[in-house]
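Asker: Before I ask anything, let me first share the structure, which is written out below as structure tokens.
The values are calculated or read from the model by the stated rules, or taken from the named source; none is laboratory data. Note that the coordinates shown come from a computational prediction; the quantities given were computed from them, not determined experimentally. Side chains are part of the model used for accessible areas, which takes the heavy atoms of the whole protein and leaves out ligands, DNA and RNA. Shrake-Rupley method; radii C 1.70, N 1.55, O 1.52, S 1.80 Å.
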Amino acid sequence: MKPKNQTLQTQVVIIGGGPAGLLLSQILMKADITTIVLESRSRTYVQNRIRAGVIEHGSMELLCNANVGERLLKEGSKHSGILISYENKAFRINLSSAKGKSVYVYGQTEITVDLYQAQEKIGATIIHNVKNVLIQDINTKKPHVKFEILGQKYHINCDYIAGCDGSKGISKDFIPKEKLNFHHTLYPYSWLGILSKTKPVHKELIYASHQRGFALASMRNENLSRYYIQVSNSEKISEWPDEKIWNELTKRLPTRFSSIIETGSSIEKSLTTLRSIVVEPMQWGRLFLAGDAAHIMPPTGAKGLNLAFSDVYYLSSSLINFYKTGSSKKLELYSEQALSRVWQTVRFSHWMTSLLHAPEGNNTIARKFQLLELEEIFTSLTAQRALAEGYVGVQY
Ligand code: APR
Ligand code: PHB
């Protein structure tokens, strides 16, 4: 006999239990709005994904207000500057020049762990290993979501649906094709990343522009370094043993850093193709997109997670406003409001990427333009402040 469909009820169904979905659930639950989070993977899988680690001031405040900032403030490190290098020179951008703001270095992996713990504490319903998620009737006042676990079918009646299911999710597919603008650019290079239990080469991040290719020296803590180098899209991780990565990295950093860098075995390696994607609109009927489900940008500037959180800020305040007042006016403005910050941020990431990455081929004109612009930033406080403002993030 076939098992009967199970029916559940909640106010907001959140598809995707990554940082965007979990933070949204946390903020809504704190405001006494009920949620169910549907996640296609296991908790262990989600908690172990290694991603970027720079948290904007605004993201830190949002996490603290949601009772998820305690460990970030204790174990994360506050950075009030970054280094930019080119032609063996390095100069510092004072991030505090941007209205006194700083950023925090704290891994996204840790944020996900903190979010799961906070959700557990508040009694959230997070359903893992779901399959065949389907969104229905989003243009009515009674939308619902169907899904399956181990052959058992479920049906959730709800008021609203948040699509927080990342770049490979299904939520955006429920916006009619003819109404959806999918903006997409693929860059001609990728980032090869290495995580190693070594002391970071410098106490602040170094973004290095070099004719051999871009390099980034980042960190997770005092004994854990994260480095990236620009490689072409045809490269394979298997062709990059640790020694080859260290060798290439040291060629791209100024000698005052490459001469003291501590090398060691990698504990993780990754290869990421750089792309920019923006999905418009971010709302259709009672479905709202947030995070990577609606946008992707190159990691230069570490904006992905922060932009996901600013979407969550706009969406959560609009939903809270709806449940307080009964008016959906703010919700109707969500897509426009979120997209304004999305476009500014995607543009900043694109600008920083184009400024620092070696152009493909031996394009000496493009390289000369980059060096001129870097020199201009090096000598102009106004240009440094503009970079600092973009880096610490647009106010929301
Ligand atoms: N059903 C349920 N869950 C799904 C589905 C689906 N059909 N498809 C994907 N998911 C889950 C993924 O397994 C993942 O855990 O949705 C989650 C989306 O999480 P992320 O990809 O981490 O995206 P998001 O929460 O928007 O986080 C923003 O910032 O630094 C960037 O890309 C980085 O993850 C980061 C992001
Ligand atoms: C990281 O530490 O992983 C990181 C830092 C800064 C970036 C991108 C990634 O711009």
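Asker: For segment 289-396, which whole-number percentage of the solvent-accessible area (1.4 Å probe, protein heavy atoms only) is attributable to carbon and sulfur atoms?
Answerer: Heavy-atom surface of segment 289-396 belonging to carbon and sulfur, 1.4 Å probe: 57 percent.
Asker: Okay, moving on. Between rounded, prolate and oblate, where does segment 46-103 land on the alpha carbon gyration tensor, with a ≥ b ≥ c its root eigenvalues, rounded for a/c under 1.5, else prolate if a/b exceeds b/c?
Answerer: Oblate, because a/c is 1.5 or more while a/b does not exceed b/c.
Asker: Sticking with this structure for a sec: Please compare each pair in LYS99/LYS329; LYS99/LYS303; LYS199/LYS303 to a cut-off of 28 Å on the Cα-Cα distance and tell me which ones are over it.
Answerer: In this structure, LYS99/LYS329 exceed 28 Å between Cα atoms.
Asker: If you average the sequence gap of Cα pairs under 8 Å that are 6 or more apart and divide by the length of the chain, what percent do you get for the contact order?
Answerer: Across the chain, relative contact order equals 21 percent.
Asker: For segment 124-129, what does the Karplus curve 6.51 cos²θ - 1.76 cosθ + 1.60, with θ = phi - 60°, yield as ³J(HN,Hα) per residue in whole Hz, taken in order and with x for Gly and Pro?
Answerer: Karplus-based 3J(HN,Hα) across segment 124-129 equals 6, 9, 10, 9, 8, 6 Hz.
Asker: Now for a separate question. Span-like helices, the chain: DSSP H, alpha-carbon axial extent 18 Å or more, mean Kyte-Doolittle 0.0 or greater, which ones?
Answerer: 304-325, 364-379
Asker: Mind checking which lysines have their Cα closer than 23 Å to the Cα of LYS153? Skip sequence neighbours fewer than 8 apart in that chain.
Answerer: Partners within reach: LYS2, LYS4, LYS131, LYS141, LYS142, LYS168, LYS172.
Asker: Let me ask something additional. Please label the shape of segment 281-321 as rounded, prolate or oblate, based on the square roots a ≥ b ≥ c of the eigenvalues of the alpha-carbon gyration tensor (a/c under 1.5 means rounded; beyond that, a/b larger than b/c means prolate, else oblate).
Answerer: Judged from the Cα gyration tensor, segment 281-321 comes out oblate (a/c at least 1.5, b/c at or above a/b).
Asker: Still on this model: For segment 230-322, what is the per residue volume of the convex hull drawn over the alpha-carbon atoms, in cubic angstrom?
Answerer: Output value, Cα hull per residue: 156 Å³.
Asker: What aspartates and glutamates does LYS368 reach when the alpha-carbon gap must be under 19 Å and sequence neighbours fewer than 8 apart in one chain are set aside?
Answerer: Qualifying aspartates and glutamates at Cα under 19 Å: GLU87, GLU360, GLU376.
Asker: Quick one: which residues, 5 or more positions from HIS79 or on another chain, have an amide H under 5 Å from its amide H? H modelled 1.01 Å from N in the peptide plane, none for Pro or chain starts.
Answerer: Here the answer is VAL103, TYR104, VAL105, since their amide H atoms fall under 5 Å of that of HIS79.
Asker: Given a cut-off of under 8 Å on Cα pairs at least six residues apart, what relative contact order in percent is computed for segment 227-365?
Answerer: The normalised contact order for segment 227-365 reaches 21 percent.
Asker: Treating cross-link reach as a plain straight distance, find the aspartates and glutamates whose alpha-carbon is under 14 Å from the alpha-carbon of LYS269, omitting any fewer than eight places away in the same chain.
Answerer: GLU235, GLU239, ASP242, GLU243
Asker: Please list, in chain and number order, the residues 5+ apart from ILE14 or on another chain whose amide H is under 5 Å from its amide H, with Hs placed from the backbone.
Answerer: For ILE14, the qualifying residues are ILE36, VAL37, LEU38, ALA162.
Asker: Which residue fluctuates the most in the chain, going by a Gaussian network model with Cα springs under 10 Å, if the choices are GLY21, GLY361, GLY264?
Answerer: Largest GNM mean-square fluctuation: GLY361.
Asker: Name the most mobile residue of LEU319, LEU307, LEU289, meaning the one with the largest mean-square fluctuation, in a Gaussian network model of the chain with Cα contacts below 10 Å.
Answerer: Of the options given, LEU319 has the highest mean-square fluctuation.
Asker: Follow-up. Mean residue ellipticity at 222 nm from the helices of the chain, using -39,500 (n - 2.57) per DSSP H segment of n ≥ 4 over the full residue count, to the nearest 500 deg cm²/dmol?
Answerer: Computed ellipticity for the chain at 222 nm equals -11000 deg cm²/dmol.
Asker: Quick check on segment 2-61: take the gyration tensor over C-alpha atoms, sort the square-rooted eigenvalues as a ≥ b ≥ c, and tell me if it's rounded (a/c under 1.5), prolate or oblate.
Answerer: Oblate, because a/c is 1.5 or more while a/b does not exceed b/c.
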